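**Q** Following this message is one structure expressed as structure tokens.
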Amino acid sequence: MAGIKENALARYQQIALDLATRITKQEYPIGTKIHARSTVANTYQVSAETARKAIKLLADLEIVEAKQGSGFYVASMVKAIDFINQFKSVKTLKDIKNDIQKTMKQQQDAYQNLSELMDQFLDQTQRFNAVNPLMPFQLTLKAGDKHLGRSIGELKLWQSTTATIVAVRHNQELKVSPGPYAKIEAGDTIFFVGQGAAWQQVQNFFTADEQH
């Protein structure tokens, strides 16, 4: 049956649903007799008991009616349509639930992968800093940053961050070991060395909001 996951239903429910679909298509018009053994069991290659349960389900839903000593007859196309729509609604809700669970699983996997990558990044950064403590960081200062116009001596950067400025690029000129009297201006790029969180500390030193 198109649009319905048969593996989610018992076999007799699948058969009942298919019979209801055929009724809506008028393959079994109102008043048609449905023979449980010959019509259902043989058509769907199931046992007589499974065929009987399928017909009973349709009878319980008043899609077919039992006539004493005669058998079952198609009674209502409207109720057949209702039966089909009911299962389509159930399917839709299950699909939505499955989609939500699938999306949540994908997000969890993505978060786990991101977390692992972050751990790897931090581990490699720590290894790199441990092996290359003298490899300088660099930071370009912008207008509006803090401490502009001060000399390196006035900054007392080491006391605040444990980082040491080893060079300054000013107007395309690189000054190595600039000394305590060199002033820091907007547009300058400072090169500094330090351990651990030195990069973040220096960035905060120049760009973080003033503490009041």
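**Q** Where Lys and Arg each count +1 and Asp and Glu each count -1, what net charge lies around Ala110 among other residues with Cβ under 13 Å from its Cβ?
**A** That works out to 0.
**Q** Can you sort Trp158, Trp199 from fewest to most other Cβ atoms within 10 Å of each residue's own Cβ?
**A** So the residues, fewest neighbours to most, are Trp158, Trp199.
**Q** Around Ala41, under 12 Å between beta carbons, what's the net of Lys plus Arg minus Asp minus Glu among the other residues?
**A** Summing Lys/Arg as +1 and Asp/Glu as -1 gives +3.
**Q** Please say if region 6-88 is rounded, prolate or oblate, where rounded means a/c under 1.5 for a ≥ b ≥ c the square roots of the C-alpha gyration tensor eigenvalues, and otherwise the choice is prolate for a/b larger than b/c and oblate otherwise?
**A** Oblate, since a/c reaches 1.5 and b/c is not below a/b.
**Q** If you take the square roots of the eigenvalues of the alpha-carbon gyration tensor of region 137-207 and sort them as a ≥ b ≥ c, do you get rounded (a/c under 1.5), prolate (a/b over b/c) or oblate?
**A** Note, shape of region 137-207 comes out rounded.
**Q** Determine, for each peptide in 171-178, 51-58, the mean count of other beta carbons within 10 angstrom over its residues, then list the peptides with the highest first.
**A** So the peptides 171-178, 51-58, ranked by packing, come out 51-58, 171-178.
**Q** Next up: Report the Cα centroid-to-centroid distance between region 153-212 and region 53-74 in angstrom, as an integer.
**A** Going from one Cα centre to the other spans 89 Å.
FYI, it's all coordinate maths here, none of it is from the lab. Computed from a prediction, not measured in an experiment: that's the story for all the values here. Virtual Cβ from ideal backbone geometry, glycine too; neighbours counted across all protein chains shown.
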